[in-house]
Structures are given as structure tokens and as C-alpha cells.
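A.B. asks: Just passing along the structure, written as C-alpha cells.
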Amino acid sequence: MNQASTRSHCIFTIHISSKEPGSATIRRSKLHLVDLAGSERVAKTGVGGQLLTEAKYINLSLLYLEQVIIALAEKHRSHIPYRNSMMTSVLRDSLGGNCMTTMIATLSLDKRNIDESISTCRFAQRVALIKNEAVLNEEIDPRLMIIHLKKVIQELKDELAMVTGEQRTEELMPEELLELDKLIKRFLEDPDPESTLDVGADMRKIKHCFNYIKQLINRTNIPDRSLLSPDITGAEDTPEKKEELKKLKDLLHQRDNEINILVNMLKKEKKKAQDALFQLSAGSSGLAVSKSSLSISFEEGHRPSACINVKNSQDFSSSAHRAAFLPRRAGSRGEMSLGRQEAFEIFKRDHVDSVTIEDNKQLLKQR
């Protein structure tokens, strides 16, 4: 902007930079707001002195701007005369660079200025011939890139030290300790359950973090209660809660006794089943012996008396075998305690064939 005259071109430039949080990419842009002074014919205006000098400079700068626009419109041109004037040098990015340019032309409707209006329209047509393909101006923030590369180098060093088993004996620097304290505080204050405390594979830093957390816990008045949930620590020991706790303990003790009784009952029933199987196997072996004796006696003499004796002995062994079971079963039902009887009734009720058994019993009663 010309500070010495009001009749001049005006250029207002805005620089814009944007970056997304957590990203190392920066977008930069530049906005030029240009107010071009109008051209004038000295022969018509009749100005002189300082105004004449200003009019010549204005017309000359507009001529240089038109030359640049014509050169940009011609694709075969290899040289663009940006350096002919300061205005074209400043507007270089907005004319032929990675840009999008809009031109607004103002015209005069006075008949005396019809030639200047036509020249302005032609100038706007030449500007419209320029074709640019604009893309985003993105670049990597060097400061963030340096920080990222330093972090990667430190992680690789820690990983190498962990693999090789290198022991670091030197003490941590005060700056490192202060940074660790900040990381721990940020980790403890973060409500995200998936947050992590990343201090690398350095055992010195890991030990310092554990010591720091231990000191925080020891500073509290009741360290044991700090591990409990807020609902438990905030509850007061009222008489109602004590009574409810006593009832729950009694109920738990009663359930333990019932479980012990059921376990003993299961053991006794298992033992009885094993004894019954043993006696059944013994009876089966006796029956096999009687059958073999019957065949031997029949082969020797075919005596009917022997057959009768064998049959009697067989009937006797079978009846004795039944007698050995029946009294015991009948007596076991009568000697069962109240808990065993209740368990037996539950077993009969929950049995798979309980409905079929009841139907068969009803049919037998009707007969």
C-alpha cells in the first residue's frame, strides 16, 4: 500500500495455518485481497504535477500486470515476467501458482469513459483464460516430526536394552523424574478405563513409577479402605446392617450344614449300592453253581429225586437271596431320618419316569 498517495493499488494479505489435534500435518494458505486503481487517460483528465506522475505509475503497473496475465494464458510461454513490478511479484502466488483467483471488474457507464470500460472488459477476459489446478498446501510440522522421531529412537533404544539385558546403573535426570511424575498424575486422573502408562522398557522408570504410587497410597490415612469401592467405604455400620449381616451369616452356616448332611447321605447311599451289587453278584455265582450241579446229576443217573433236590436247592437259594434283600429294604425305609426321607421324596418326584410309575400304580390298584 502506498503511504504517500491515496491514488494507488491496495493489497491486503491474510496468512492462514490449520492443524488437526494429534496430527503432524499443517495446512497453510494465503489470501490476497487486491484493490486495483483504475487506469486513466491523461489527455482526458488534464492532470499535471504529482497527479500526473501517480497516473503514469498506475498505468505502468497495470500494463505489467496485463503482460503477466497474457503470458500465463499462453501455455507455450516459458518465461513469466513477474519481476517487472512489485505488485506482480507480490501477487505471483495468486496468479500462476497453486491458487484460485476471482476478479471483479467495475465499469463506468458514462459515454466519455466507454473506451476504458471496453479495455476493462478485455482485461477481465484475459484473466479468465488462465487455468490452474489447485491442491491443498500440506506439509509436515518439523517440530512435531522431531518430537516423534525422538520418541521412536527412545523406544528402539529401550527395546534393544530389554533384548540384550543391558543394566542401566546411572541415576535418572531431574527432568526425567519430573516428566515421569507428570505422566503418572495424568494417568491417575484419566477416567478412561483403557488408558495406559507408557514409560518404556527402562526398569529405572518402572521402579520410580511404583515408588511414586506407593507413596501416594501411604499418604492416605486409611490405605486399606482406599482399595475398596466408594459404595463400601461410604457405608456406615448401622444396627440394621449389623442385623442383616448376622442373618446372612446364620443362613450361610445353615446351608453349610445342609450340604454336609447331603454329602454324608450320598456317601451312605453309595456304600449301600455297592453292598447290594456285591450280594447280587454273590447270588448270581450261587445260582450258576446250582445249575452246574443239576446238569451233573442229570448226566449221572437221570434220577428224578436228584432233579427235585436240585430244584429245591435252587428255590431255596433264590428265596434266601430275596429274603436277604427284602427285610433290609423294608427296614431301611423305616430307619431313614427325616432329611433322608425328604431327599428320597424329592428324588421320586424329579425322576424321569415318575409319571409312568404313578400311572402303572393306578392301573394295578384298579385291577
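The values are calculated or read from the model by the stated rules, or taken from the named source; none is laboratory data. Since the model is a prediction, treat every value here as computed from it, not as a measurement. Neighbour counts run over all protein chains shown; Cβ positions are idealised from the backbone, glycine included.
A.B. asks: Only one residue in Arg83, Arg112, Arg92, Arg77 is in the same structural domain as Val127 (by TED's automatic domain parsing), surrounded by 14 or more Cβ atoms within 10 Å (Cβ to Cβ) and basic (Lys, Arg), so which one is that?
C.D. replies: Details: Arg83 fails: surrounded by 14 or more Cβ atoms within 10 Å (Cβ to Cβ); Arg112 fails: surrounded by 14 or more Cβ atoms within 10 Å (Cβ to Cβ); Arg77 fails: surrounded by 14 or more Cβ atoms within 10 Å (Cβ to Cβ).
Just one listed residue meets the conditions, Arg92.
A.B. asks: Take Thr101 and decide whether it is under 19 Å from Arg122 (Cβ atoms) and modelled with pLDDT of 85 or more.
C.D. replies: Numbers: under 19 Å from Arg122 (Cβ atoms): yes; modelled with pLDDT of 85 or more: yes.
Criteria met by Thr101.
A.B. asks: If the requirement is being touching a Gly at 6+ places or on another chain (Cβ under 8 Å), assigned by TED's automatic domain parsing to the domain that holds His32 and either modelled with pLDDT of 90 or more or not hydroxyl-bearing (Ser, Thr, Tyr) (or both), which of these qualifies: Leu51, Leu107, Leu72, Leu62? Give the steps one after another, and end with the answer.
C.D. replies: Values: Leu51 fails: touching a Gly at 6+ places or on another chain (Cβ under 8 Å); Leu107 fails: touching a Gly at 6+ places or on another chain (Cβ under 8 Å); Leu62 fails: touching a Gly at 6+ places or on another chain (Cβ under 8 Å).
Only one candidate qualifies: Leu72.
A.B. asks: Shifting gears a bit: Return yes or no: is Arg126 at pLDDT 85 or above, surrounded by 14 or more Cβ atoms within 10 Å (Cβ to Cβ) and on the phi < 0 side of the Ramachandran plot?
C.D. replies: So Arg126 passes the test.
A.B. asks: Across the stretch 339-367, which residue is modelled with the lowest pLDDT among those that are outside any helix (DSSP H, G or I) and within 30 Å of Val263 (Cβ to Cβ)?
C.D. replies: The first filter runs over the stretch 339-367 and keeps only residues outside any helix (DSSP H, G or I), leaving 351-353, 367.
Pick out the ones that are also within 30 Å of Val263 (Cβ to Cβ) and you get 351-353.
Working: His351: 72, Val352: 68, Asp353: 76.
Top of the filtered list is Val352.
A.B. asks: Let me ask another. Quickly run through the stretch 27-41 and pick out the residues that are in contact (Cβ under 8 Å) with a residue 40 or more places away in the chain and among the hydrophobic types (A, V, I, L, M, F, W, C).
C.D. replies: Step one: of the stretch 27-41, the residues in contact (Cβ under 8 Å) with a residue 40 or more places away in the chain are 27-30, 32, 34, 38-41.
The one that is in contact (Cβ under 8 Å) with a residue 40 or more places away in the chain and among the hydrophobic types (A, V, I, L, M, F, W, C): Val34.
A.B. asks: Okay, next question. Against the condition loosely packed, with under 11 Cβ neighbours inside 10 Å and of a type in the set (A, V, I, L, M, F, W, C), how does Leu156 come out, does it pass?
C.D. replies: Numbers: loosely packed, with under 11 Cβ neighbours inside 10 Å: yes; of a type in the set (A, V, I, L, M, F, W, C): yes.
For Leu156, the condition - loosely packed, with under 11 Cβ neighbours inside 10 Å and of a type in the set (A, V, I, L, M, F, W, C) - is met.
A.B. asks: Across the stretch 103-143, what is the number of residues that are closer than 19 Å to Ile80 by Cβ and not in a helix (DSSP H, G or I)?
C.D. replies: 7
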